[in-house]
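So the structure is just underneath, and the comments pick up after that.
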Amino acid sequence: MSLFTKIIRKEIPSCKVGAGELWYAFLDINPRRAGHTLVVPVEEKQRLAELSAESRAALMEGVADAQRRLGKVFDTQDFTVVLHDGPLAGQEVPHVHIHVMPRTSGDGGRCAGMAAFPDAPPIGSVEPDFAALGALSEKLQAA
Ligand code: AMP
């Protein structure tokens with residue numbers, strides 16, 4: 001049983017943010033900033049693709065619910081929403097969880113996508129390779 005299932009079942013304590021029938025939201029114990037929340041599906045699966053369509057949809061409802069609450073408390077409409085979908089992407093707990101972090105002016109945070117690939121050339125510094133993008137697009141649509 002995963003750590004987060006134990007949290008959902010209240011076998012391990014957590015600081016609740018909100019809950020639905022198919023999801024649970026609680027505060028991360030190592031907050032990257034105040035309000036850092038995790039939203040998890042009750043269904044215990046490691047990756048987003050393994051969840052039922054119902055759980056996936058409900059999970060997004062949980063994210064929206066957490067955003068509404070965080071937005072009110074931290075007075076913002078802006079959030080970093082991150083999913084580490086598997087260990088190669090940085091997942092430590094093998095149970096889908098979405099990080100929701102409120103963003104406020106001067107909070108010191110970065111753009112999550114860029115932080116994941118710090119050595120990639122800065123946006124705008126390289127001409128887009130439309131031939132490569134087009135070829136990949138064809139491949140993805142055929143997959
Ligand atoms: P990830 O690296 O995406 O797998 O994120 C796992 C997150 O779970 C980390 O941000 C941890 O701080 C958080 N975490 C681990 N144990 C707990 C816990 N008992 N309660 C709340 N958050 C936790």
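Out of all the residues in segment 103-113, is one or more within 22 Å of Thr5 (Cβ to Cβ) and among the basic types (Lys, Arg)?
The initial filter retains those residues of segment 103-113 that are within 22 Å of Thr5 (Cβ to Cβ), namely none.
Taking every residue of segment 103-113 in turn, none turns out to be within 22 Å of Thr5 (Cβ to Cβ) and among the basic types (Lys, Arg).
Could you please find all residues in segment 40-62 being buried (at least 16 other Cβ atoms within 10 Å of the Cβ) and in a loop (DSSP other than H, G, I, E, B)? Listed by number, the residues that qualify are Val42, Glu43, Glu44, Lys45, Gln46, Leu51. Those residues that are part of a helix (DSSP H, G or I) and within 16 Å of the ligand (Cβ to nearest atom), I need them from segment 90-131; list them, please. Ala112, Gly113, Ala115, Ala116, listed by residue number. When Asp75, Asp28 are checked against the criterion of being touching a residue at least 12 places away in the same chain (Cβ under 8 Å) and under 23 Å from Lys6 (Cβ atoms), Asp28 stands alone in meeting it. Within segment 106-122, is there a residue that is modelled with pLDDT of 90 or more and among the basic types (Lys, Arg)? No. Looking only at segment 1-25, residues that are touching a residue at least 12 places away in the same chain (Cβ under 8 Å), farther than 17 Å from Ala58 by Cα and within 11 Å of the ligand (Cβ to nearest atom) come to 5 in all. Of the candidates Ala131, Ala115, the single residue that is out of contact with any Gly (no Cβ under 7 Å at 6 or more places or on another chain), more than 25 Å from Gln91 (Cα to Cα) and small (Gly, Ala, Ser) is Ala131. Flag: Thr37 does not match the condition of being in contact (Cβ under 8 Å) with a residue 60 or more places away in the chain, under 17 Å from Val96 (Cα atoms), surrounded by 15 or more Cβ atoms within 10 Å (Cβ to Cβ) and out of contact with any helix residue (DSSP H, G or I) (no Cβ under 7 Å at 6 or more places or on another chain). Among the criteria (1) among the charged types (D, E, K, R); (2) at pLDDT below 95; (3) open to solvent by less than 50 Å² (accessible area, probe 1.4 Å), the one Asp65 does not fulfil is (2).
Scanning segment 78-89 for residues that are closer than 14 Å to Asp28 by Cβ and near the ligand (Cβ under 10 Å from one of its atoms) yields Val82, Leu83, His84.
The values are calculated or read from the model by the stated rules, or taken from the named source; none is laboratory data. These numbers come from a predicted model, not from an experiment. Cβ coordinates were reconstructed from backbone atoms using ideal geometry, including for glycine residues, and neighbour counts include every protein chain displayed. The accessibility values were calculated without ligands, DNA or RNA, using every heavy atom of the protein model including side chains. Shrake-Rupley method; radii C 1.70, N 1.55, O 1.52, S 1.80 Å.
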